[in-house]
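Note sheet for the following structure.
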Amino acid sequence: MKTYRIALIPGDGVGRDVTAAAWQVLGRVADNSGFKFQGTEFPWSCAFYKETGAMMPNDGIEILRAFDAILLGAVGWPALVPDSVSLHGLLLPIRKAFSQYANIRPHRLLRGVTSPLRSQDFDILCIRENTEGEYSGAGGRIHQGIDGEVAVETSIFTRRGVERILRFAFEQARARRGRLASVTKSNAQKFSMVFWDDVARELSSEYPDVALTSYHIDAMAARMVMAPESLDVVVASNLFGDILTDLGAAIQGGLGFAASANINPERTAPSMFELVHGSAPDIAHLGIANPIATIWSGAMMLDHLGEAGAARRLMSALEATTARGIATVHGKDRTDAITAAVLTALD
Ligand code: NAD
Ligand code: IPM
Ligand code: MN
């Protein structure tokens with residue numbers, strides 16, 4: 001029987017609850033579809049840091065390389081470890097080391113879920129650059145804590161990095177409704193962002209079937225609220241994509257509904273599937289985290305593994321669940337009740 005090896009990293013806080021839920025659901029999908037998942041769980045997290053002094057072992061990346069995919073919960077528990085240490089010790093290095101440069105985040109309403117917006121009908125695919133830009137981690141602090149302290153953090157935009165993410169976005173737009181919105185801030189940031197706009201314009205001649213429009217990030221934020229139905233594929237740098245996708249989550253009903261995939265399109269290393277939200281310390285251990293985002297991310301994993309039929313069946317089960325009003329009001333349904341409803345819908 002076809003077997004997929006999956007690395008499970010539940011991480012911190014609600015990451016643990018929602019990955020457990022998604023793993024249960026994925027197991028059922030596999031049973032119903034004639035393939036198997038073989039999961040290996042890694043305890044890498046802020047608690048692991050407290051015990052060992054690191055978020056993952058030195059050879060963590062090499063350990064993960066052997067897997068077909070990674071399913072990750074959430075990383076970060078600021079009461080134990082500063083976020084700047086935990087995220088740069090686990091999540092961000094995986095994205096970079098495995099060239100998961102395309103972070104795909106779908107923003108649309110599942111059946112039965114209402115948007116806080118006037119518009120209840122939109123289908124946006126955000127493509128976020130995931131390995132460089134504003135989150136490159138290049139910089140430093142000098143004269144710390146004394147007079148004249150200076151902090152520098154440099155954004156890095158490479159021709160290779162910008163071209164490959166834009167190309168990926170053009171391809172996605174081509175396979176969807178043929179519209180690509182490229183988001184920068186080239187009126188104020190006159191080097192990196194003008195460069196991004198230039199590359200987008202250059203590439204657009206190779207994609208005559210895709211209508212490219214460039215927007216400034218501030219205007220895009222307003223557009224996503226006022227006219228989300230006007231958007232198809234949206235591509236942005238690491239920081240801008242990060243912010244826009246929390247906005248995307250908000251308009252699709254909340255962070256509990258926002259799925260994401262960190263893709264290595266060339267498949268030279270495993271891709272990683274994770275929700276958009278964080279460890280949600282305010283609701284951790286209450287058993288009320290919404291697992292829908294994680295289960296949806298699991299469907300994206302199935303797609304990536306070439307199990308498109310299973311992915312479709314899982315999405316149908318998810319929508320059959322939300323269509324009944326389950327999980328659509330924050331905190332009304334418990335994590336295990338939502339998971340049970342999805343399992344029932346699958347059978
Ligand atoms: P957060 O996404 O954890 O929470 C923001 C709000 O959304 C909270 O009110 C939370 O209760 C709610 N929420 C999040 N997930 C939910 C779910 N599944 N169901 C219902 N409500 C949900 O953001 P934060 O509070 O800024 O960050 C908390 C920690 O997580 C920090 O350490 C942060 O760095 C980290 N973080 C990690 C990731 C990741 O691993 N990908 C993403 C974002 C934040
Ligand atoms: C996300 C998160 C992370 C990011 C943080 C936790 C580093 O906010 O996946 O959106 O910005 O990449
Ligand atoms: Mn984010």
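The values are calculated or read from the model by the stated rules, or taken from the named source; none is laboratory data. Keep in mind the model is a prediction, meaning the values are calculated, not measured. All Cβ positions, even for glycine, are placed from backbone atoms using ideal geometry, and neighbour counts span all protein chains on display. Only protein heavy atoms, including side chains, enter the accessible area calculation; ligands, DNA and RNA are left aside. Shrake-Rupley method; radii C 1.70, N 1.55, O 1.52, S 1.80 Å.
Assessment of segment 274-282 against the conditions (touching a strand residue (DSSP E or B) at 6+ places or on another chain (Cβ under 8 Å) and more than 6 Å from ligand 1 (Cβ to nearest atom)) yields at least one matching residue. In segment 275-295, of all residues being buried (at least 24 other Cβ atoms within 10 Å of the Cβ) and away from ligand 3 (no atom under 16 Å from the Cβ), the one that is farthest from Glu319 (Cα to Cα) corresponds to Ala289. Could you please let me know if Asp198 is of a type in the set (Asp, Glu), at pLDDT 95 or above, within 16 Å of ligand 1 (Cβ to nearest atom) and in a helix (DSSP H, G or I)? Judged against the criteria, Asp198 is not a match.
Among the residues of segment 87-100, those identified as within 14 Å of ligand 2 (Cβ to nearest atom) and either surrounded by fewer than 24 Cβ atoms within 10 Å (Cβ to Cβ) or assigned by TED's automatic domain parsing to the domain that holds Leu180 (or both) are Leu87, His88, Gly89, Leu91, Leu92, Pro93, Arg95, Lys96, Gln100. Looking across segment 113-127, the residues that are open to solvent by 20 Å² or more (accessible area, probe 1.4 Å) and either of a type outside the set (Lys, Arg) or within 25 Å of Phe168 (Cα to Cα) (or both) come down to Thr114, Pro116, Leu117, Ser119, Gln120, Asp121, Asp123. Scanning segment 318-336 for residues that are under 14 Å from Leu286 (Cβ atoms), modelled with pLDDT of 95 or more and either surrounded by 19 or more Cβ atoms within 10 Å (Cβ to Cβ) or out of contact with any Gly (no Cβ under 9 Å at 6 or more places or on another chain) (or both) returns Asp333, Thr335. Within segment 246-267, can you find the residues that are out of contact with any Phe, Trp or Tyr (no Cβ under 9 Å at 6 or more places or on another chain) and farther than 16 Å from Leu72 by Cβ? Once the filter is applied, which keeps residues that are out of contact with any Phe, Trp or Tyr (no Cβ under 9 Å at 6 or more places or on another chain) and farther than 16 Å from Leu72 by Cβ, segment 246-267 yields Asp246, Leu247, Gly248, Ala250, Gly253, Gly254, Gly256, Glu266, Arg267. In summary, Leu72 fulfils each of the numbered conditions (1) assigned to a loop (DSSP other than H, G, I, E, B); (2) under 19 Å from Ile263 (Cβ atoms) with the single exception of condition (1). If you go through segment 228-264 and keep only what is open to solvent by 10 Å² or more (accessible area, probe 1.4 Å), within 14 Å of ligand 1 (Cβ to nearest atom), closer than 14 Å to Phe122 by Cα and not in a loop (DSSP other than H, G, I, E, B), you end up with Leu247, Ala250.
So for segment 50-62 (the condition being open to solvent by 20 Å² or more (accessible area, probe 1.4 Å), part of a helix (DSSP H, G or I) and in contact (Cβ under 8 Å) with a residue 40 or more places away in the chain), does at least one residue qualify? No, the conditions are met nowhere in segment 50-62. Find all pairs meeting these conditions: Cβ atoms under 7 angstrom apart; at least six residues apart or on different chains; first residue within segment 86-102 and over 15 Å from Gly133 (Cβ atoms); second residue part of a helix (DSSP H, G or I) and open to solvent by less than 10 Å² (accessible area, probe 1.4 Å). So the pair list comes out as Ser86/Cys46; Ile94/Leu64. Within the option set Met272, Met220, Met193, being buried (at least 18 other Cβ atoms within 10 Å of the Cβ), within 16 Å of ligand 2 (Cβ to nearest atom) and either in a loop (DSSP other than H, G, I, E, B) or not small (Gly, Ala, Ser) (or both) holds for one residue only, Met272.
Report whether or not Met315 is within 30 Å of Thr3 (Cβ to Cβ), open to solvent by 10 Å² or more (accessible area, probe 1.4 Å) and in a helix (DSSP H, G or I). Considered against the rule, which asks whether it is within 30 Å of Thr3 (Cβ to Cβ), open to solvent by 10 Å² or more (accessible area, probe 1.4 Å) and in a helix (DSSP H, G or I), Met315 comes out as yes. When each of Gly278, Gly298 is tested for being within 25 Å of Ala97 (Cα to Cα), part of a helix (DSSP H, G or I) and of a type outside the set (A, V, I, L, M, F, W, C), the lone residue that passes is Gly298.
Taking segment 109-150 on its own, how many of its residues are outside any loop (DSSP other than H, G, I, E, B), in contact with a helix residue (DSSP H, G or I) (Cβ under 6 Å, 6 or more places away or on another chain) and over 30 Å from Phe191 (Cα atoms)? The number of residues fulfilling the criteria is 0.
Of all residues in segment 310-338, those that are touching a residue at least 24 places away in the same chain (Cβ under 8 Å) and either under 16 Å from Ala30 (Cα atoms) or not assigned by TED's automatic domain parsing to the domain that holds Gly298 (or both) total 6.
The test for being in a helix (DSSP H, G or I) and either open to solvent by less than 10 Å² (accessible area, probe 1.4 Å) or of a type in the set (D, E, K, R) (or both) does not hold for Arg177.
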